[in-house]
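Take a look at the structure set out below.
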Amino acid sequence: MTSFFLFLAQATPVPSPAQAEAVTPLTDGINLAVIYTSIALAIYLGLLIVGRWIKRQLHVPLGWFFNLFALSMGLFLPMQFLAVPGEKLFGEHVDAAVVLTGAFVAISFLRHYLFDIAARGDGTNAKVPKFLSQIISIIIFLAALAIVLQVIYGQQVPGLLAGAGIVGLVLGLALQDTLSNIFSGFAIYFGGQFKAGDWLKVGDHNAEIMEVNWRSTRLRTEDNIYLDIPNSNITKETVVNFTHPTPLHALRIEIGLDYEVPPTRVRQVLIEAVQMAEYVVSEPAPTVFLKDFAASSITYEIKFWMNDHSKYEETNSAVRTNLWYALRRANISIPYPIQLEAHYEPSTPAVDRKALISEALGKIFFAECLNGTQIAQLIDRAQVSHFGQGEQIIRQGQHDSSMYVIMEGRADIVVEASGVSRTVATIGAGDCIGEMSLLTGECRSATVLALEDTHAVEISKATLAPLIAESPELLEVLSDLLARRRMQNEGVLARALSEAQLSATHEDYRSGFLTKLKSFFAI
């Protein structure tokens, strides 16, 4: 093997010094071109791999401009370290290509992270108006173009801008309103006050934002009427946003009531009525303010909360409807203005109160133990209450002491257990509810919800207590009736029990009820 290499060395001609001096520059140029091309290709392929990863993992839509950027960087970077022949001829063009293609890549990242992902940053995924993205992209490209012309090619950009400024001034004056709307659109978006889906009060209109575009804000009213308001106009008005930063907001209603009724009682009636209205949230609780002593009434302001302004009219109607029924039941009048003379004639025949109460007393289970004088006293003291559709006649868990006899209308008995409400029965005319609460003070075991306008005769503890105070022996009779009623409800009488066992059970029940009655009525 050694003899073979010695043979090749002897056979290879040795160039003369002149020949070697002529070949060296050519060889060096070829080697430098190969090195430059290899590095450029490696950079180009490396950037393409990075671009593919960015597109797949980060989901940035780079587009074909990234390929041009990768090629420009492949040509540009080796020039910074190698003395490439011809650099002076095309080096400026490579620099310009890097700046311009780099601007497009920057625009791609900006659109993705600022416009598509960040949006408004409030978790609503609101889209940035397309015109805004386009204008910012144009600004970035023009800035890159100015750098190329001024820095790389040495052109006098200020002179060009001066000429363009005169043209821009003329166009600005001609398009003053349009530009005002565009910049107002920027203010609406970046200010963060409005977005699609928000409910606003603009002038006399309650309306939902459907779109904010380059020229105007488009809204839809509660009557499904579309309003197209120029952006410059809407930024000059005082606009109330019922949705941002939170949809929970308060509404206020004023009402004038009779001077003769104590404000503390009025507050209780108004708050209970508002709490039962549809779409009114329970927390924060409604509040009532005494606002003014007017000429013919005391003015109260009711503040309540809701979280869906699209139900604005329905909520106001439900609150006012409940107020009317609640005030009628509480015998609180809404006075007529003293400046007017009005003769009120009800549209429906007046209810014969005494006849209605007398009929109702015949339905209660303890009426048989009352004499004529006592029944007459109950008729004078009992009340006729009127409940509107959807109102609660009694509420589960309440500690009050009234019973009701339904004379007209229907109601559901609803029991809530473990957070689930279930309707267990429907009652109508002639049915009695709440006897145990009236006689023993036990808390309500169910909610009774009016299905329609309902008349009911209310007998309260305050109504029955004077009769018991005058005739304590009534407690003995009432405890006996309650014991028999419980035995019937539990089916004790149907069992095969001896007479002694039935008597002992009845006596246990009777004595228990008697103790409760005496304690409740303080006898």
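Laid out as a table, the results:
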read-out: Tally, over segment 186-223, of residues that are modelled with pLDDT of 70 or more, touching a His at 6+ places or on another chain (Cβ under 8 Å) and closer than 13 Å to residue 237 by Cβ; value: 2
read-out: Of all residues in segment 91-101 being surrounded by fewer than 16 Cβ atoms within 10 Å (Cβ to Cβ) and touching a Phe, Trp or Tyr at 6+ places or on another chain (Cβ under 9 Å), the one that is modelled with the highest pLDDT; value: 92
read-out: Test for residue 114: is it of a type outside the set (Lys, Arg), at pLDDT 80 or above, surrounded by 12 or more Cβ atoms within 10 Å (Cβ to Cβ) and out of contact with any Asp or Glu (no Cβ under 7 Å at 6 or more places or on another chain); value: no
read-out: Within segment 1-80, helices (runs of 4 or more DSSP H) holding 1 or more residues that are surrounded by 15 or more Cβ atoms within 10 Å (Cβ to Cβ) and at pLDDT 65 or above; value: 17-53, 65-79
read-out: Within segment 248-267, considering residues that are closer than 23 Å to residue 314 by Cα and of a type outside the set (D, E, K, R), the one farthest from the chain's Cα centre (by Cα); value: 256
read-out: Any chance residue 425 is assigned to a loop (DSSP other than H, G, I, E, B), aliphatic (A, V, I, L, M) and either touching a residue at least 60 places away in the same chain (Cβ under 8 Å) or farther than 20 Å from residue 322 by Cα (or both); value: no
read-out: Positions within segment 313-335 being in contact with a Phe, Trp or Tyr (Cβ under 8 Å, 6 or more places away or on another chain) and among the aromatic types (Phe, Trp, Tyr), in sequence order; value: 325
read-out: Selected residue (only one of 395, 410 is more than 30 Å from residue 472 (Cα to Cα) and within 33 Å of the chain's Cα centre (by Cα)); value: 395
read-out: Residue check for residue 437: in the same structural domain as residue 383 (by TED's automatic domain parsing) and at positive phi; value: no
read-out: Residue 444 being touching a helix residue (DSSP H, G or I) at 6+ places or on another chain (Cβ under 7 Å), in the same structural domain as residue 392 (by TED's automatic domain parsing), at pLDDT 85 or above and not hydrophobic (A, V, I, L, M, F, W, C); value: yes
read-out: Qualifying residue in segment 361-375 (condition: under 10 Å from residue 458 (Cα atoms) and not in a helix (DSSP H, G or I)); value: no
read-out: Residue that is nearest to residue 258 (Cα to Cα) [pool: residues in segment 315-340 that are surrounded by fewer than 16 Cβ atoms within 10 Å (Cβ to Cβ) and among the hydrophobic types (A, V, I, L, M, F, W, C)]; value: 334
read-out: Residue match in segment 397-408 (condition: in a strand (DSSP E or B), surrounded by fewer than 18 Cβ atoms within 10 Å (Cβ to Cβ) and touching a residue at least 40 places away in the same chain (Cβ under 8 Å)); value: yes
read-out: Scope segment 462-477; condition over 53 Å from the mean Cα position of the chain (by Cα) and part of a helix (DSSP H, G or I); matching residues; value: 467, 468, 469, 470, 474, 475, 476, 477
read-out: Every residue from segment 412-444 that is out of contact with any Leu (no Cβ under 9 Å at 6 or more places or on another chain) and closer than 21 Å to residue 515 by Cα; value: 434, 437, 441, 442, 443, 444
read-out: Qualifying residues in segment 416-448 (those that are within 29 Å of the chain's Cα centre (by Cα) and not basic (Lys, Arg)) - the one nearest to residue 522 (Cα to Cα); value: 447
read-out: Yes/no for residue 457 being in a helix (DSSP H, G or I), closer than 25 Å to residue 430 by Cβ and either touching a Cys at 6+ places or on another chain (Cβ under 7 Å) or modelled with pLDDT of 85 or more (or both); value: no
read-out: Evaluation of residue 452 against (1) closer than 19 Å to residue 381 by Cβ; (2) in contact (Cβ under 8 Å) with a residue 24 or more places away in the chain (one fails), failing number; value: (1)
read-out: Verdict on residue 477 being surrounded by 12 or more Cβ atoms within 10 Å (Cβ to Cβ), β-branched (Val, Ile, Thr) and either out of contact with any Lys or Arg (no Cβ under 7 Å at 6 or more places or on another chain) or at pLDDT 80 or above (or both); value: yes
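The values are calculated or read from the model by the stated rules, or taken from the named source; none is laboratory data. Only a predicted model underlies this, so the values are computations on that prediction, with no experimental measurement involved. When we count neighbours, we look across all protein chains shown, and the Cβ atoms used for this are built from the backbone with ideal geometry, even at glycine.
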